[in-house]
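What follows is a set of notes on a single structure, which appears directly below.
None of the figures in this text is laboratory data; all of them are computed from the coordinates on show. Computed from a predicted model, the values in this text were never measured in an experiment. Here the Cβ positions follow ideal geometry from the backbone for every residue, glycine too, while neighbour counts run over all protein chains shown.
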Amino acid sequence: MKTRAAVAIAAGKPLEIMEVDLEGPRAGEVLVEVKATGICHTDEFTLSGADPEGLFPAILGHEGAGVVVDVGPGVTSVKKGDHVIPLYTPECRQCPSCLSRKTNLCTAIRSTQGQGLMPDGTSRFSIGGEKLFHYMGCSTFSNFTVLPEIAVAKVNPDAPFDTICYIGCGVTTGIGAVVNTAKVEIGSTAAVFGLGGIGLNVIQGLRLAGADMIIGVDINDDKKEWGEKFGMTHFVNPKNCENVVAEIVNLTKRGADQIGGADYTFDCTGNVKVMRQALECAHRGWGESIIIGVAGAGQEIATRPFQLVTGRTWKGTAFGGARGRTDVPKIVDWYMEGKIQIDPMITHKLSLDEINKGFDLMHAGESIRSVVVY
Ligand code: NAD
Ligand code: AHE
Ligand code: ZN
């Protein structure tokens, strides 16, 4: 079949909207009509050329929602008409990682996914006979896409596509980092670096978890109001203070020893210098710092080992530690029940033809989430 898609022809170039060829689903695969897709900073990261796994030409996009329109042989868990969210972290429930119960990082199809291919090592997308690469196993910047059955979560059919698409990455990553990875306790203190599409969801996760003090950190002052909407109690702009680590340590001084430091800190910037700041303002003895941001090729983190010797823990999280087929339908239900907010964070709705505007808005710091509605 033919489908309209935004194609990433080469690193650093705007996406090109065109009609591409899409082969139907093979065994264990499903064809999904994508109804809406968010634009995540990770799409920008790959398009920029900073992603060591970046491949071109490709169809990017990994934050979608849509309807199953066809299934290949052997598919049992979803059927035509089901509403689904594509999963860049699949859940096969059979691989050693899924069975370990220690991680959400299913390994069933990770190697072919990283090569921009379906699990059988081929691509379903092409143009004029030339192969186009899939992206993160999702390619939601195409109106129709093919996904492995283990990489779709079946969700409440009453939920609106143009908001729940954000659960396909940003919402789940932010809230999941708090509840699955950090396991934040009631009364905790926390600092969140980077108040974009991910950081604001960390903030709403912290409020949900009952954190007492939620410090937001961003170099853009406009983000103060945004953070406050979702539960932030204090705001720090590193540009307006001498030392952001000292500032947070000061703000969090509690108890007789007045040591200071947040119980939990989160990097949602992808900047390795910020990752260090986030670690070093975590509390001596028990503070945990969670890396969510994705850093470019060649970037490395550094700190004095003494920071870890004195009891701080450095952790990372992908997709908020969520097991997609199990957890994503629950998060959609939380949204439908009003337990979490999504709508106010979706600042822009665009057509596929306007998708490059979504990247421009992100670069200008003017959007939280732009969503393309097909
Ligand atoms: P975004 O562009 O919406 O937000 C980034 C925010 O960081 C902006 O508000 C920006 O002003 C702020 N910022 C930039 N430099 C800063 C600094 N030095 N100090 C403080 N704040 C600073 O991006 P997003 O969509 O929220 O994504 C954030 C990061 O998370 C990206 O690196 C993205 O690739 C990554 N990500 C990771 C996962 C995962 O599973 N680990 C999932 C989604 C996104
Ligand atoms: N390809 C990059 C890493 C990109 C990355 O870390 N991706 C996150 C999801 S970001 C979503 O917006 C992730 O899930 N990582 C785990 C995985 O298996 O990819 C690189 O550095 O090579
Ligand atoms: Zn993402």
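Along each principal axis of its Cα atoms, how long is the stretch 309-369 end to end? Whole angstroms, biggest number first, please.
Principal axes ranked by extent give 49, 34, 20 Å for the Cα atoms.
Along the charge dipole of the chain, which of VAL171, GLN258, GLY12 sits closest to the positive end, that is, farthest toward it, with unit charges on the beta carbon of Lys, Arg, Asp and Glu (+1, +1, -1, -1)?
Looking along the dipole axis, the top candidate is GLN258.
Report relative contact order for the chain in percent, whole number only (criteria: Cα-Cα under 8 Å, sequence separation at least 6). Please list the in-between numbers first.
On the way: 914 pairs, mean separation 66.5, N = 374.
Taking the mean separation of contacting Cα pairs over the length of the chain, I get 18 percent.
At a Förster radius of 51 Å, what calculated FRET efficiency corresponds to the Cβ-Cβ distance of ALA10 and ASN156, to the nearest 0.05?
Values: r = 39 Å, r/R0 = 0.77.
Approximately 0.85, to the nearest 0.05.
Can you give the extra length, in nm with one decimal, that the chain gains between THR303 and ALA27 once fully stretched, where that is 0.36 nm per residue apart less the Cα-Cα distance? Can you show the working numbers first?
Details: separation 276, 0.36 × 276 = 99.36 nm, distance 4.78 nm.
Answer, rounded to one decimal: 94.6 nm.
In nm, to one decimal, how far is the ASN220 label point from the ASP343 one, both placed 7 Å along Cα→Cβ?
Modelled inter-label distance: 2.3 nm.
What do the square roots of 5 times the Cα gyration tensor eigenvalues come to for the stretch 235-355, in whole Å, largest first, as semi-axes of the equivalent ellipsoid?
Taking √(5λ) for each Cα gyration eigenvalue gives 31, 19, 17 Å.
Placing +1 at every Lys and Arg Cβ and -1 at every Asp and Glu Cβ, with all other atoms neutral, what dipole size does the stretch 128-214 have around its Cα centre, in debye to the nearest 20? Walk me through the numbers on the way to the answer.
Values: 4 positive and 6 negative charges, 22 e Å.
Around 100 debye, computed over the stretch 128-214.
With springs connecting C-alpha atoms under 10 Å apart, model the chain as a Gaussian network and identify which of ASP267, ASP222, ASP333 has the largest mean-square fluctuation.
The residue that fluctuates most here is ASP222.
Taking amide H atoms as placed 1.01 Å from N in the peptide plane, list the residues 5 or more away in sequence, or in a different chain, whose amide H sits under 5 Å from that of LYS35.
Under 5 Å from the amide H of LYS35 lie the amide H atoms of ALA65, GLY66, VAL67, each far enough along the sequence or on another chain.
R0 = 22 Å: FRET efficiency of LYS330 with ARG101, Cβ-based, nearest 0.05?
0.80
State log₁₀ I(q)/I(0) for the stretch 219-273 at q = 0.12, 0.13 Å⁻¹ as given by the Debye formula over alpha-carbon point scatterers of equal weight, solvent excluded.
-0.33, -0.39
Where Lys and Arg each count +1 and Asp and Glu each count -1, what net charge lies around VAL245 among other residues with Cβ under 14 Å from its Cβ? Display every interim value, and only then the final one.
Values: positive: LYS253, LYS273, ARG276, ARG284, ARG304, ARG312; negative: GLU242, GLU247, ASP267, GLU280.
Local charge sum for VAL245: +2.
Quick one: which of 301-307, 236-242 comes out on top by average Cβ neighbours within 10 Å, and what's the full order, highest first? Before the final figure, lay out each step's value.
Working: 301-307: 11.6, 236-242: 13.3.
So the order, starting with the most tightly packed, is 236-242, 301-307.
Once you list every other residue whose beta carbon is under 10 Å from the beta carbon of PRO73, what net charge do they have if Lys and Arg are +1 and Asp and Glu are -1?
Working: positive: ARG26; negative: GLU29.
Neighbour charge sum, excluding PRO73 itself: 0.
Suppose R0 equals 22 Å; then what is the FRET efficiency for THR310 and GLU185 from their Cβ-Cβ distance, rounded to the nearest 0.05? Show your work: numbers first, answer last.
Working: r = 21 Å, r/R0 = 0.96.
That pair, THR310 with GLU185, gives E of 0.55.
Using just the helices of the chain, give the 222 nm mean residue ellipticity in deg cm²/dmol: DSSP H runs with n ≥ 4 each add -39,500 (n - 2.57), and the total is spread over all residues, rounded to 500.
Working: 12 runs with 90 residues, N = 374.
Theoretical 222 nm ellipticity from helices: -6000 deg cm²/dmol.
Return one quarter of the surface area of the convex hull spanned by the alpha-carbon atoms of the chain, equal to its mean projected area, in nm².
On the way: hull surface 70.8 nm².
The orientation-averaged projected area of the Cα hull of the chain comes to 17.7 nm².
Between Rg and the Kirkwood Rh of the stretch 53-118, both from Cα atoms, what is the Rg to Rh ratio? Numbers along the way, then the final one.
Values: Rg = 13.7 Å, Rh = 13.9 Å.
Using only Cα positions, Rg/Rh for the stretch 53-118 is 0.99.
How large is ³J(HN,Hα), in whole Hz, for each residue of the stretch 172-180 in order, when computed from phi with the Karplus curve 6.51 cos²θ - 1.76 cosθ + 1.60 and θ = phi - 60°, using x for Gly and Pro?
Here the 3J(HN,Hα) series is 5, 4, x, 5, x, 4, 7, 8, 8 Hz.
What net charge is computed for the residues neighbouring GLU185, neighbours being all others with C-beta under 15 Å from the C-beta of GLU185, Lys and Arg scored +1, Asp and Glu -1? Walk me through the numbers on the way to the answer.
Details: positive: LYS183, ARG207, ARG254; negative: ASP212, ASP263, GLU288.
Net local charge, GLU185 excluded: 0.
Which of the listed residues, VAL328, GLY296, THR313, is farthest toward the dipole's positive end in the stretch 283-374, when Lys, Arg count +1 and Asp, Glu count -1 at the beta-carbon?
THR313
Pop out the Kirkwood hydrodynamic radius of the stretch 37-177 from its pairwise C-alpha distances, inverse of mean 1/r, in Å to one decimal. Could the numbers behind the result be given before it?
On the way: mean 1/r = 0.0641 Å⁻¹.
Kirkwood hydrodynamic radius for the stretch 37-177: 15.6 Å.
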